[in-house]
Every structure is written in C-alpha cells, then in structure tokens.
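Asks: Structure in structure tokens, see below.
Any read-out appearing in this document is the output of simple, stated calculations on the displayed coordinates, not a laboratory observation. Keep in mind that this is a model prediction, so the values were computed, not measured. Cβ: placed from backbone, ideal geometry, glycine included. Neighbour counts: every protein chain shown.
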Amino acid sequence: AQKVTQAQTEISVVEKEDVTLDCVYETRDTTYYLFWYKQPPSGELVFLIRRNSFDEQNEISGRYSWNFQKSTSSFNFTITASQVVDSAVYFCALRGTGANSKLTFGKGITLSVRP
Amino acid sequence: KAGVTQTPRYLIKTRGQQVTLSCSPISGHRSVSWYQQTPGQGLQFLFEYFSETQRNKGNFPGRFSGRQFSNSRSEMNVSTLELGDSALYLCASSLVNSVYNEQFFGPGTRLTVL
C-alpha cells in the first residue's frame, strides 16, 4: 500500500521568512510520481509540481523549490521569502502504477504567513 | 480555456436521501476522478473514469457510484445519505488516463447531510 506522510500539520511564519514543508512517502513501485498541490481558502486544489521517480533533479520555480531524495523517500517543498498569499493548505501526493495508480494524498500542511 | 466546473457548489440534504453531483472536465480532457475531502480523513480517492469506463475505485461503500458520459462529463451519486457523507467532493480531470499526467481540480461541491 502507498502512504504519504506530512508530519507537520500547521506552520506559521512571518512574511519574508523561508519555510520548508516536509513530505515522506512509501511505495513498493519502482515507477511512481510525486505531486504537490496548494489549496487556498477558496477550496480549489492548484497543481504545483510533478516529479517522476527517475528524476531526482531538484527544481526551482521562482520562490518555490523542491528537493526530491529517493534515499530518504522525501519530496520536500521550500518557499523562499514567503508572502501572505502563500497562506494555504499544501498537499503532497503520490501515484504509483497498476493497482497503486490512484492518487494518494498526505493529510496536508496548513501554512499561515503573517504580515 | 475554462477549468473544471462542478455543480452544484453547495448542497444540503437529509439522511436517507440521495444526491447527484456533476463535473465537467477541461475541454479535451478525457479522464475524470472524484475525491472526498473531510477534516478527519483528508482527501480520499473515490473513483476514476476514462472513456466512459471506471478504471480505478477507492475503498468506499457501494452507495457511492459514478459514471462518465461520451462527452467526458461525469456524475457521481450517493444513495441513502449518512451524516458522515458530509464533505467537500472534488472532481479532477486530466488529459488521458495516465499516471504521469497531473490532475486539475474543480472548486468542489460542499455537501451537508442533516
């Protein structure tokens, strides 16, 4: 069975601080895909990034960066110089293959960025 | 391009009733998935449809069912509603039925069962 653990439940930072959201996953598949989604107060999940299991290259997109490490089964997300608009719930998700092809979400991390 | 649309956005029902929720995927997307989101259980996968066929199903009772039409629009139905069915129901679409493709989510339907 697949599992995604987001041990942090709530994080509160002051604007301009850097913040890292942790994600640890479990799967027996050799091919799998990891995702991060953002859920603002409006409720709609917004896709942020996809990473496949064969690509451990870290990625940076503006103030967002992702660190994928297969050795520790982690896919962490860092927001640099956080802004109030970053306040949302962030979900890490895993999708395997075959019987594990459904998208499995972590419990989510509520990030509050204070001015 | 319009995003995923879900109707209705809010719904109030009483125990024992049934409900039908609708989802229109992004134009050109042929795969539709449904999720239930509750404070206690988080986001849980319900089912996935592609080309009018159910391709994957989560661990939900048979009261939860769905279907997909030839235009890729999808509906999900919950019969004999229980209080625990109160949740945000999210629909997501993707281009094809591939685990590689990211899913794009709609705003959800918030169902309250009294």
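Asks: Restricting the range A:40-58 to residues that are under 30 Å from B:Arg9 (Cα atoms) and loosely packed, with under 13 Cβ neighbours inside 10 Å, which is farthest from the other protein chains (Cβ to nearest Cβ)? If you could, list the steps in order and put the result at the bottom.
Replies: Residues of the range A:40-58 under 30 Å from B:Arg9 (Cα atoms): A:40-50.
If we keep only those that are loosely packed, with under 13 Cβ neighbours inside 10 Å too, we end up with A:41-42.
On the way: A:Pro41: 12, A:Ser42: 7 Å.
Restricting to residues being under 30 Å from B:Arg9 (Cα atoms) and loosely packed, with under 13 Cβ neighbours inside 10 Å, the top hit is A:Pro41.
Asks: Let me ask something additional. Just to be sure I understand, how many residues within the range A:76-115 are within 14 Å of chain B (Cβ to nearest Cβ) and of a type in the set (Gly, Ala, Ser)? Before the answer, list the steps.
Replies: Of the residues in the range A:76-115, the ones within 14 Å of chain B (Cβ to nearest Cβ) are A:88-110.
Of the ones still in play, those that are also of a type in the set (Gly, Ala, Ser) are A:88, A:93, A:96, A:98-99, A:101, A:106, A:108.
Qualifying residue count for the region: 8.
Asks: Additional query: Mind telling me which of the residues B:Leu43, B:Leu111, B:Leu90, B:Leu81 ends up being part of a loop (DSSP other than H, G, I, E, B), touching a residue at least 12 places away in the same chain (Cβ under 8 Å) and surrounded by 13 or more Cβ atoms within 10 Å (Cβ to Cβ)?
Replies: Values: B:Leu43 fails: part of a loop (DSSP other than H, G, I, E, B); B:Leu111 fails: part of a loop (DSSP other than H, G, I, E, B); B:Leu90 fails: part of a loop (DSSP other than H, G, I, E, B).
Of B:Leu43, B:Leu111, B:Leu90, B:Leu81, the one residue that is part of a loop (DSSP other than H, G, I, E, B), touching a residue at least 12 places away in the same chain (Cβ under 8 Å) and surrounded by 13 or more Cβ atoms within 10 Å (Cβ to Cβ) is B:Leu81.
Asks: While we're here: Return the total of residues in the range B:4-16 being at negative phi, surrounded by fewer than 14 Cβ atoms within 10 Å (Cβ to Cβ) and assigned to a loop (DSSP other than H, G, I, E, B).
Replies: Total satisfying the criteria: 4.
Asks: Related question: Residues B:Glu102, B:Glu75: which one is more than 16 Å from B:Gln44 (Cα to Cα) and more than 11 Å from chain A (Cβ to nearest Cβ)? Step through it out loud before you land on a result.
Replies: Details: B:Glu102 fails: more than 11 Å from chain A (Cβ to nearest Cβ).
Answer to the check: B:Glu75.
Asks: Also, quick follow-up: With touching a Gly at 6+ places or on another chain (Cβ under 9 Å), crowded, with 17+ Cβ neighbours inside 10 Å and not charged (D, E, K, R) as the only criterion, which of A:Thr9, A:Thr31, A:Thr27 stands out?
Replies: Values: A:Thr9 fails: crowded, with 17+ Cβ neighbours inside 10 Å; A:Thr31 fails: crowded, with 17+ Cβ neighbours inside 10 Å.
Unique residue meeting the criteria: A:Thr27.
Asks: Which of the following residues is loosely packed, with under 15 Cβ neighbours inside 10 Å and either away from chain A (no Cβ under 13 Å) or without any contact (Cβ under 8 Å) to a residue 24 or more places away in the chain (or both): B:Gly28, B:Gly58?
Replies: Working: B:Gly58 fails: loosely packed, with under 15 Cβ neighbours inside 10 Å.
Criteria check complete, one pass: B:Gly28.
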